[in-house]
Amino acid sequence: MLSTESEIVTMPNLLVPLHEHPLSCTEENIYSCDLCYGRNGIAYQCTECGYRLHKDCIQGFLSYPSPCGHSLKISMPNKSPQYANDRCHFCQCNLNSPFARCTVCNINISLLCMGNQPPVTIFQPKHHKHSLTLLLRLVTFTCNACGVEGDRNPYVCLQCNLMVHKDCIENLPRVICINRHDHRISHTFHLGQGEEHSECGVCRKTVDWVYGAFKCSRCPNYAVHSRCATKKEVWDGIELEDVPEEEEEVEEPFVVINEKEIIHFSHEEHVLRLDENYVTDNVNMRCRGCVLAINGDSCYKCVECDYILHKACASLPRKKRHLLHNHKLTLQVDEPASLGFLCKACRTCSNGFRYKCFDGCEDDVVYDVRCSSVSEPFQHDLHPHPLYWTLESSKRCQACGTKTDDNLLNCTVCDDYALCMKCATLPRKVKHRCDDHFLSLCQGVGNASGNLWCDICETKTDPSVCYYTCEECGLSLHLNCVLGDFYYMKVGGTMPEPVVFANNGVTRPFCSVCEVHCKFPFILWGAIEDSTGYICSMDCAYIQADKY
């Protein structure tokens with residue numbers, strides 16, 4: 001067995017513990033080392049299997065401590081025994097280059113991990129009061145910090161009978177804020193027995209009180225799985241331990257004049273007066289916040305002009321946390337430029353109020369007030385059970401039939417029921433020029449033959465997806481035929497900017513891009529000289545914009 005550097009240099013035939021055959025020394029530099037693939041330097045070669053190693057590579061390998069305390073051998077890719085794992089025991093990478101192997105423990109270790117071995121003990125008093133010791137072996141265990149099963153290398157505390165992932169020791173925060181709760185939550189290794197902790201505040205699955213999780217000190221019935229709380233969609237990545245908790249002062253959205261009148265920060269020049277049951281036939285009279293029709297809802301109406309807000313929209317907080325984003329969002333009420341903004345959640349265009357992130361996100365994060373008003377549990381008229389934003393993806397929206405990788409609102413009772421944000425926020429009742437009555441959102445109701453017919457585009461309507469219907473006249477209309485791309489745009493505008501029209505007249509203009517009749521609200525484009533024309537959809541609007 002090799003003990004000193006001089007023995008490597010002087011012995012013509014070398015039997016080292018890292019290879020099963022003797023290695024013969026050669027002075028020639030024509031051999032490629034099976035460890036570093038270099039050609040220069042003194043090399044040792046196995047005459048039986050052609051195995052070649054530089055002297056310096058042998059010395060470097062022997063300088064590594066054995067993480068398991070046993071002698072290690074260098075093995076080549078695809079030459080391990082059939083019973084051996086072809087992945088590194090630590091990093092789980094595929095072993096496509098020479099690696100170290102312990103035949104006693106039946107584990108393989110990449111040379112990169114040999115030079116960067118995990119510590120034998122870890123002591124982090126803020127995380128745990130005792131030292132944690134590495135148990136280097138393949139063993140199935142449930143981590144006491146996160147409650148997730150592992151299959152190797154736990155760190156153990158013999159005094160407390162704990163087994164913990166290395167990642168949980170190093171990366172699991174102690175105190176955080178998440179977008180699902182108004183208060184800070186802190187990590188604990190033992191949640192404690194009790195029915196009040198039965199459901200995770202993110203995924204809505206059972207929380208095992210035996211293992212670690214995050215809990216709220218103010219709300220005794222609120223708990224979140226450790227892995228759920230630290231997802232990038234939920235947590236902003238900021239550790240708040242030792243950071244003083246200070247309540248942020250946020251301005252109120254309006255000043256109260258009396259029990260009926262307010263001054264809203266979006267319309268400070270005039271007083272808004274409460275109307276509990278405002279009804280109007282003016283299709284242009286839309287809420288300036290959500291850009292939806294009032295339809296008899298309580299609203300605040302300006303005493304001097306046509307400015308109007310739903311009571312709920314007037315009460316929107318100027319800053320808030322929301323399940324759609326991991327940072328705090330700020331309410332914006334100024335008029336967006338040109339064609340408005342595209343909501344990141346529902347991918348529809350609007351020019352009403354919006355919530356925007358100003359915390360340095362690379363992408364422009366903006367949500368309309370319809371999507372940013374969705375809360376959990378979310379109740380929808382077409383489904384009997386509450387829906388939750390559980391971060392499950394690759395499901396099919398039951399309202400439009402579209403399969404998406406985006407996160408959906410999911411039913412925890414019916415495993416296959418989910419709604420995309422666009423369908424979840426569809427207006428329940430709308431007015432359209434094709435009928436004198438209100439149209440209601442409907443799904444799953446067909447006639448005797450099972451076939452429905454859209455009176456706008458004159459094609460079949462699929463009853464398995466959502467559509468609009470008139471309960472008195474029996475109409476069945478496609479969602480897009482009723483709403484189009486500009487339904488959430490305020491009607492009106494001033495040239496030369498694009499102007500939105502409601503399309504409630506007798507005639508329907510032709511789109512200047514696709515040359516078909518505009519079926520729903522359309523835009524008169526006049527932003528650039530000699531480019532005036534009618535635009536029927538966002539696709540046509542982008543084409544028109546690209547021309548200039």
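If amide H atoms are built 1.01 Å from N in the plane of the peptide, which residues on other chains or at least 5 residues away come under 5 Å of the amide H of Glu392?
Excluding prolines and chain starts, which carry no amide H, the hits are Leu408.
Simple spin-label model, 7 Å along Cα-to-Cβ: Thr121 to Asp334 in nm?
It works out to 6.0 nm between the two label points.
Sort out for me the Cα centre separation of the range 128-189 from the range 200-275, rounded to whole Å.
Value for the Cα centre distance between the two parts: 27 Å.
Of all the Cα-Cα pairs you can form in the range 149-234, what percent are over 22 Å apart?
In whole percent, the share of Cα-Cα pairs in the range 149-234 beyond 22 Å is 25.
Under the Karplus relation 6.51 cos²θ - 1.76 cosθ + 1.60, θ = phi - 60°, what is the ordered set of whole-Hz ³J(HN,Hα) values for the range 286-296, x standing for Gly and Pro?
10, 4, 6, x, 8, 6, 9, 5, 6, 6, x
Collect residues whose amide H, placed 1.01 Å from N in the peptide plane, falls under 5 Å from the amide H of Leu162; neighbours closer than 5 in sequence don't count.
Cys157
Can you list the HN-Hα couplings for the range 469-475, worked out from phi with the Karplus curve (6.51, -1.76, 1.60; θ = phi - 60°), rounded to whole Hz and with x for Gly and Pro?
9, 9, 5, 8, 9, x, 5
Under 12 Å from the Cβ of Leu426, count the other residues' Cβ atoms, weight Lys and Arg +1, Asp and Glu -1, and hand me the total.
Taking every Cβ under 12 Å from that of Leu426, the sum is +3.
How high is the relative contact order of the range 176-288, given as a whole-number percent (alpha carbon pairs under 8 Å, six or more residues apart)?
19 percent
For Val366, which sequence-distant residues (separation of 5 or more, or a different chain) have an amide H within less than 5 Å of its own amide H, given hydrogens modelled in the peptide plane?
Residues meeting the criterion, in which the H sits 1.01 Å from N, are Lys344.
Counting only protein heavy atoms, what percent of the accessible surface of the range 90-229 is carbon or sulfur at a 1.4 Å probe? Kindly include the intermediate steps, with their values, before the conclusion.
Numbers: 3280 of 6810 Å².
Roughly 48 percent of what the probe reaches on the range 90-229 is carbon or sulfur.
Check the straight Cα-Cα distances from Lys126 and name the aspartates and glutamates below 15 Å, setting aside those fewer than 8 residues away within the same chain.
Excluding near neighbours in sequence, the set is Glu170, Glu239, Glu241, Asp242.
The values are calculated or read from the model by the stated rules, or taken from the named source; none is laboratory data. What you are looking at is a predicted structure, and each value in this text was computed from that prediction instead of being measured. FYI the Cβ positions are ideal-geometry reconstructions off the backbone, even for glycines, and counts take in every protein chain you see. Remember, those area values only see protein heavy atoms, side chains included, never the ligands or the DNA or RNA. Shrake-Rupley method; radii C 1.70, N 1.55, O 1.52, S 1.80 Å.
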